[in-house]
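Single-structure report; data block below.
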Amino acid sequence: MLAPSLLLLVGLVILLFAGDRLVRGAANLAKLANVPPLIVGLTVVAFGTSAPELVVTIGAVLGDAAGIAMGNIVGSNIANVLMVLGFPAIIFPITMSVPRLRLHGGALLFATLLFCGMVYRSGTIGTLEALVFTIGMLMYFALMVWESRGGHGAAEEVDDITAESPRLLPTLGLLAMGLLGLPIGASLLVENGEHLAKMLGVRDEVIGLTVVAFGTSLPELATVLAAALKKEDSVAVGSIVGSNVFNLLFVGAAAGYAGTASFSRAALGVDIPVMIAATLFVSLLIFTRTTYGRLLGAVSVVAYLGYLIAIGTAAS
């Protein structure tokens, strides 16, 4: 019990360190490339923080643990909205009044609709679903390319993270530390968290939605906390929107190419509807430009904890 607990703590420390480095590198990259921080958050940061979901999901499908794989995708998106944005908002309210964020909020709604439509059609994710998700992901990339090249990519002001002007090599070094450290920290945390959960008698069917989903969402939490502390709302919000799109389309496609994964009746009846509700909630904040303040943050965190307790009780 002691060794997994210590390794879990080590993983958390690595995540926090890597999250800080990733935010610093992303903000500096935005300045160097004259790209809005929102776009950097939606691409570099979102893909980097989604790497643990990708690795865990592919491994779970190949290891014939479809419940963990699918719970990881759905559970991570729920955690990202309710906990990863909610908890930092209690400390520092996060503004949704970010240029062009509504466009990407619409992309998140589209990705959620596409994912849920395909899942409810067959109850599984296989090669056909993977192809559809790949097309959706390519459309999202095309949207970002169009935005950058069509006069929508002018950089807005970014608060200085360091006193000096950013340089290319140190910036790439920060990004590398963040992108490499996040998966390593998440791997330590997920593996040992899963081991502890089994030792405590938690069934495998809820591990994907709880320990694994929350563990793979910790890179996002570390990144959003670091961004909120530095008042980088564009990076904070962009990383969550982009990460959720990546989870649904990119990670979902990877799962389908790796094998066929089925959703349980409980997942179709409870967990996916909760994910849809969380997505509609954050989309409403985005489209109304409502600040994710302390009250909403507290309500979101309580709702997430209540959800975990509910599925844990149902599975026991």
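Given +1 at the Cβ of Lys and Arg, -1 at the Cβ of Asp and Glu and no other charges, the dipole of the range 163-314 around its Cα centre is 260 debye to the nearest 20.
Per residue, the accessible area of the range 1-144 comes to 36 Å² when a 1.4 Å probe rolls over the protein heavy atoms.
Rounded to 0.05, the FRET efficiency of the S122 and A310 pair, given R0 = 22 Å and the Cβ-Cβ distance, is 0.25.
Over the residues of the chain, the helix contribution to mean residue ellipticity at 222 nm works out to -24500 deg cm²/dmol, using -39500 (n - 2.57) for each DSSP H run of at least 4. A straight Cα-to-Cα reach below 20 Å connects K31 with the lysines K230, K231, residues fewer than 8 places away in its own chain not being considered. Computing P(r) over Cα pairs in 20 Å bins from 0, in percent directly from the structure and comparing it against (i) 36, 59, 5; (ii) 31, 57, 12, 0; (iii) 29, 47, 22, 2 singles out (i). Among 98-109, 77-88, sorting by the average number of other beta carbon atoms lying within 10 angstrom of each residue, highest first, gives 77-88, 98-109. Once the Cα atoms are used to define both axes, helix 2-33 deviates from the longest principal axis of the chain by about 30 degrees.
With just the Cα atoms defining each centre, how far is the range 217-286 from the range 61-113? Give it in Å. Using only Cα atoms to place each centre, the spacing works out to 2 Å. Multiplying the residue separation of L169 and L6 by 0.36 nm and subtracting their alpha-carbon distance yields 55.3 nm. Computed with a 1.4 Å probe over protein heavy atoms only, the accessible surface of the range 272-316 comes to 49 Å² per residue.
The charge dipole of the chain, taken about the Cα centre with unit charges on the Cβ atoms of Lys, Arg (+1) and Asp, Glu (-1), comes to about 340 debye, rounded to the nearest 20.
To the nearest 10 degrees, how steeply does helix 294-315 sit against the main Cα axis of the chain, on a 0 to 90 scale? That helix lies at roughly 20 degrees to the long axis.
Within the accessible area of the chain, the carbon and sulfur atoms contribute 71%, probe 1.4 Å, all protein chains present. Using only Cα atoms, find the angle between the long axis of helix 101-122 and the longest principal axis of the chain, and express it within 0 to 90 degrees, rounded to the nearest 10. The angle comes out at about 20 degrees. Each peptide in 266-272, 210-216, 168-174 gets a packing score, the mean of other Cβ atoms within 10 Å over its residues, and the list from highest to lowest is 210-216, 266-272, 168-174.
The values are calculated or read from the model by the stated rules, or taken from the named source; none is laboratory data. The shown structure was predicted, so the numbers you read here are calculated from the model rather than taken from an experiment. In this analysis, Cβ positions are derived from the backbone assuming ideal geometry, glycine residues included, and neighbour counts consider all displayed protein chains. For accessibility, only protein heavy atoms count, side chains too; no ligands or nucleic acids. Shrake-Rupley method; radii C 1.70, N 1.55, O 1.52, S 1.80 Å.
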